[in-house]
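Engineer: There's a structure below that I have some questions on.
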């Protein structure tokens, strides 16, 4: 009896505690403690905004109707790149949110060919945030071209670059040549927008562009002329913005960016040394919107529960707090309930009343034709690969991994791109000087296959020699680059690192030789390599020898610049 | 004494425990971790309504208010299930019993009576000798005419003297090879005039309406264009639809329409999001125009509603089905919800919050209340009086127009 009484007492005392657990309680009966993951690949332009939103959403622990906790994992990726990876099956996200809906019909077109006519995405997927594609230019340069009294457009930029004029022709020799930048269309949405706009300008149209228009030889010539002003390509529109705002008007005169990036240039925490104001030119012929559609994939790997969870996250993103946050980052809200206001103001170089007209998005077959014309007429590159074959490269199989990556890199070069290879250990040896890769491709690949590691690390002198050899060629005609990979501290050079950095910093133009650096394990001096790359406006990387695909990804990324 | 005390204590604790366990299982959620239904089973009467998405917000709002009244048929509670589907699609699917994952409809409520007629004739053809598809007559829930929403600056270049030659001017502008600058010149704005200089930056004339094949507003647009071309408001015939002059004229308009969306709502949201860059003008329902016009004005500047010289109403009929899968209880419950929708308070909400014209004679739109959107948005061109309505053409003529469109325009 006493024992029963004691048990009853315990239960009576416990019952309120159990009841208080409510629906978030300890799962005893029918409660669901599982997690549903929503993976999102998205155009990197909205990274700052989305990072914040994802963190807050995950912290709130929202649930699906079955009670599973939703966890969002968002990965930034160039828009064209992510499309290609989804189509090839390399990645299998729940949601795809590229920078603009230009790519949605292209993705459906390709997907339906492989999947018996089904669509991958709803082409009316709702936009999350909006930002027009603009020509970002230093305000005094735009004024020198007659802006804002004269409206400027794609054709004006094309004419300016093609004319061979320099800023000296406008009475401003200190600004140097007209140097122009846009991203690589195989990786980035703004690059796609740019080459479409150039094709329209070449055809003198703003809609109804046909394959015949694009294949007209005049379009090729027009494309070649504009592309001749390019300093380099690249995957990230944000990287261009960084380069332009940090390095100033002598480096880049204008770049194709999004409006929100122009607004960023006025952020003095981010860019303390911007030498002149930047303005957004809304092309008079029309432009495109980067409207960040949120497309839940209609793919076999997406479960109904993931789809439901993705819809819940969509609603969260379109809610007022997140939309107001987006506005603070310089995006126009996708939600119609939130008005456009500061910082989208003329004081930040932008005009909320623009754009006034758009270019028509061409059909997928026309887009393919545009891409082919671009590939044939893009700016060529002269690149010298500098490879460390010192003894330590034998560790962890570093040299073998580097060789594989280098072969993939070479595969991405067009026949008339220039390629050279220098190896170094105690001495540097130019295995092949920079010359068109086409005729020597097989031979170069064979020679790479035969490389073996031995000796010391003569890094700096080798870099200087490669740099100077390229420096003998005239600037501006081709993209010029050195790609260095090393795993060690320099122990054989006569040059001091400071001297080398001073030499590299001497040329401050956008057309300067870019030295990309890869620290690949071992004792590589990551900071010095970073300084070297930074001195030239290129990117530095740290590769992880043990990690599968690490070095390949680095060489792939470098290839996007050419 | 001791056994009695113990028994009392034991009894008290037992009662406490039972009470607590009871709350734990059947108390309000949050306090009841394992809620279980108690009492006699009251299977709800489920009323599934397939409706045209235009009235989504109003219907959802009304359904919540209805649930709050604890509605019942006998002692069974009524549960309303709403499924938003395109008007044409929902009517065809209901009549053909293609239910998919949307449940079996008790009621269909497309945007316009045209589609109830289509469903009725489809049902009759598929089920010869059966009872009619619809119980009695489908009552209209709310009205809204088709209007054009345009950026004021551009509309004034298109219709310098107001939209008198509404369709003709629109046709000429869309067909103009030079785009807006050509429109400005032919409408009397000389080079150098501010209108002409502005127009140079506007590109081509961009007009948006939905696809007649998938959307009610698109079908209405097509009917209005046919009436517009023939300058009449009633008696549209098959011969009118097949007139080669009309066909050519229609092609010239529609070739300039960049894309035919499926959702009328998207056009108005696009006006807010993309401003004049995407559309110069769109053909949408008045209620959607009223709902979004302030947001559009706030982002992009002056925008106005223009009424075509003759228009059509969407009347949102509420058709209770007489099909074999619908029980008398469901029909009764559906009637209760219909009466609720037609009650003055809910009709007033349709007007004040969602911009519909009430069908209840007890709710007037001619009030001076500031909450009345026709007062609030009169500065944007909203008007109490609609233009005259065109006669709804017979099903036969509508089919001819849709076939024509499918053959000649659809892409």
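The values are calculated or read from the model by the stated rules, or taken from the named source; none is laboratory data. Given the structure is predicted, the values throughout are model-derived calculations rather than measurements. Reconstructed Cβ throughout: ideal geometry from the backbone, glycine too, with neighbour counts over all protein chains shown.
Engineer: Which numbered condition trips up residue A:414, out of (1) touching a residue at least 40 places away in the same chain (Cβ under 8 Å); (2) part of a loop (DSSP other than H, G, I, E, B); (3) closer than 30 Å to residue A:221 by Cα?
Structural biologist: Of everything listed in (1) touching a residue at least 40 places away in the same chain (Cβ under 8 Å); (2) part of a loop (DSSP other than H, G, I, E, B); (3) closer than 30 Å to residue A:221 by Cα, residue A:414 misses just condition (1).
Engineer: Would a scan of the range A:361-379 turn up a residue that is surrounded by 20 or more Cβ atoms within 10 Å (Cβ to Cβ), within 25 Å of the chain's Cα centre (by Cα) and within 14 Å of chain B (Cβ to nearest Cβ)?
Structural biologist: Yes, the range A:361-379 contains at least one residue that is surrounded by 20 or more Cβ atoms within 10 Å (Cβ to Cβ), within 25 Å of the chain's Cα centre (by Cα) and within 14 Å of chain B (Cβ to nearest Cβ).
Engineer: Against the definition (assigned to a loop (DSSP other than H, G, I, E, B) and out of contact with any strand residue (DSSP E or B) (no Cβ under 6 Å at 6 or more places or on another chain)), how does residue A:507 come out, yes or no?
Structural biologist: So residue A:507 passes the test.
Engineer: Going through B:184, B:150 one at a time, which residue ends up being in a strand (DSSP E or B), more than 20 Å from residue B:229 (Cα to Cα) and in contact with a helix residue (DSSP H, G or I) (Cβ under 9 Å, 6 or more places away or on another chain)?
Structural biologist: B:150
Engineer: Another one. Collect the residues in the range A:65-95 that are touching a residue at least 60 places away in the same chain (Cβ under 8 Å), crowded, with 21+ Cβ neighbours inside 10 Å and either assigned to a strand (DSSP E or B) or over 28 Å from the mean Cα position of the chain (by Cα) (or both), keeping them in residue-number order.
Structural biologist: Across the range A:65-95, the qualifying residues are A:70, A:72, A:95.
Engineer: Here's another thing I want to ask about it. In the range B:292-311, what residues are in a loop (DSSP other than H, G, I, E, B) and touching a strand residue (DSSP E or B) at 6+ places or on another chain (Cβ under 6 Å)?
Structural biologist: Within the range B:292-311, B:307 is the sole residue that qualifies.
Engineer: Does residue B:333 count as assigned to a helix (DSSP H, G or I) and either buried (at least 17 other Cβ atoms within 10 Å of the Cβ) or under 17 Å from the mean Cα position of the chain (by Cα) (or both)?
Structural biologist: Considered against the rule, which asks whether it is assigned to a helix (DSSP H, G or I) and either buried (at least 17 other Cβ atoms within 10 Å of the Cβ) or under 17 Å from the mean Cα position of the chain (by Cα) (or both), residue B:333 comes out as yes.
Engineer: Tell me, which helices (runs of 4 or more DSSP H) lie completely within the range A:120-239 with 1 or more residues that are modelled with pLDDT of 95 or more and more than 14 Å from chain B (Cβ to nearest Cβ)?
Structural biologist: The qualifying helices (runs of 4 or more DSSP H) are A:139-144, A:189-203, A:211-215, A:217-227.
So that you can scan it fast, the table gives a plain yes or no per residue for (1) closer than 22 Å to residue A:227 by Cβ; (2) surrounded by fewer than 17 Cβ atoms within 10 Å (Cβ to Cβ):
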residue: A:451; (1), (2): no, no
residue: A:454; (1), (2): no, yes
residue: A:459; (1), (2): no, no
residue: A:481; (1), (2): yes, no
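Engineer: With the checklist (1) in a loop (DSSP other than H, G, I, E, B); (2) in contact (Cβ under 8 Å) with a residue 12 or more places away in the chain; (3) under 24 Å from the mean Cα position of the chain (by Cα); (4) away from chain B (no Cβ under 11 Å) in hand, flag the one item residue A:269 doesn't pass.
Structural biologist: Of the numbered conditions (1) in a loop (DSSP other than H, G, I, E, B); (2) in contact (Cβ under 8 Å) with a residue 12 or more places away in the chain; (3) under 24 Å from the mean Cα position of the chain (by Cα); (4) away from chain B (no Cβ under 11 Å), the odd one out for residue A:269 is (2).
Engineer: Scan the range B:312-330 residue by residue and report those that are assigned to a helix (DSSP H, G or I) and surrounded by fewer than 19 Cβ atoms within 10 Å (Cβ to Cβ).
Structural biologist: Matches in the range B:312-330: B:328, B:329.
Engineer: Can you pull out every residue in the range A:380-393 that is assigned to a helix (DSSP H, G or I) and surrounded by 21 or more Cβ atoms within 10 Å (Cβ to Cβ)?
Structural biologist: A:392, A:393
Engineer: Moving to a separate point now. Can you report the number of residues in the range B:336-373 which are assigned to a helix (DSSP H, G or I), in contact with a helix residue (DSSP H, G or I) (Cβ under 6 Å, 6 or more places away or on another chain) and either farther than 13 Å from residue B:139 by Cβ or at pLDDT below 95 (or both)?
Structural biologist: Total meeting the criteria: 4.
Engineer: So if I check each of B:252, B:195, B:177, which one is under 21 Å from residue B:277 (Cβ atoms) and surrounded by fewer than 17 Cβ atoms within 10 Å (Cβ to Cβ)?
Structural biologist: Every option except B:177 fails the conditions.
Engineer: Then there's this: From (1) more than 23 Å from the chain's Cα centre (by Cα); (2) surrounded by 23 or more Cβ atoms within 10 Å (Cβ to Cβ); (3) under 26 Å from residue A:448 (Cα atoms), pick out the condition that doesn't hold for residue A:396.
Structural biologist: (2)
Engineer: Can you work out which of the residues in the range A:338-360 that are crowded, with 22+ Cβ neighbours inside 10 Å and closer than 19 Å to residue A:102 by Cβ is farthest from the other protein chains (Cβ to nearest Cβ)?
Structural biologist: A:359
Engineer: Count, please, the residues in the range B:175-206 that happen to be more than 20 Å from residue A:152 (Cα to Cα) and within 34 Å of the chain's Cα centre (by Cα).
Structural biologist: Result for the range B:175-206: 5.
Engineer: A further question follows. Of all residues in the range A:321-337, which are surrounded by 15 or more Cβ atoms within 10 Å (Cβ to Cβ), assigned to a loop (DSSP other than H, G, I, E, B) and within 14 Å of chain B (Cβ to nearest Cβ)?
Structural biologist: Result: A:331, A:334, A:335, A:336.
Engineer: Restricting to the range B:276-291, name every residue that is surrounded by 23 or more Cβ atoms within 10 Å (Cβ to Cβ), at the interface with chain A (Cβ under 10 Å from one of its Cβ atoms) and assigned to a helix (DSSP H, G or I).
Structural biologist: Those that are surrounded by 23 or more Cβ atoms within 10 Å (Cβ to Cβ), at the interface with chain A (Cβ under 10 Å from one of its Cβ atoms) and assigned to a helix (DSSP H, G or I): B:276, B:277.
Engineer: Given the conditions (1) under 19 Å from the mean Cα position of the chain (by Cα); (2) part of a strand (DSSP E or B), which single one is not true for residue A:242?
Structural biologist: (2)
Engineer: If you scan the range A:287-304, which residues turn out to be more than 14 Å from chain B (Cβ to nearest Cβ) and either crowded, with 18+ Cβ neighbours inside 10 Å or within 14 Å of residue A:49 (Cα to Cα) (or both)?
Structural biologist: A:295, A:296, A:297, A:302
Engineer: So, one more: If we scan the range A:308-318, do we find a residue that is within 14 Å of chain B (Cβ to nearest Cβ) and under 17 Å from residue A:48 (Cα atoms)?
Structural biologist: Yes, that holds for at least one residue.
Engineer: Just give me the residues in the range B:262-275 being facing another protein chain (nearest Cβ under 7 Å) and either in contact with a strand residue (DSSP E or B) (Cβ under 8 Å, 6 or more places away or on another chain) or closer than 21 Å to residue B:169 by Cα (or both), in sequence order.
Structural biologist: Once the filter is applied, which keeps residues that are facing another protein chain (nearest Cβ under 7 Å) and either in contact with a strand residue (DSSP E or B) (Cβ under 8 Å, 6 or more places away or on another chain) or closer than 21 Å to residue B:169 by Cα (or both), the range B:262-275 yields B:273, B:274.
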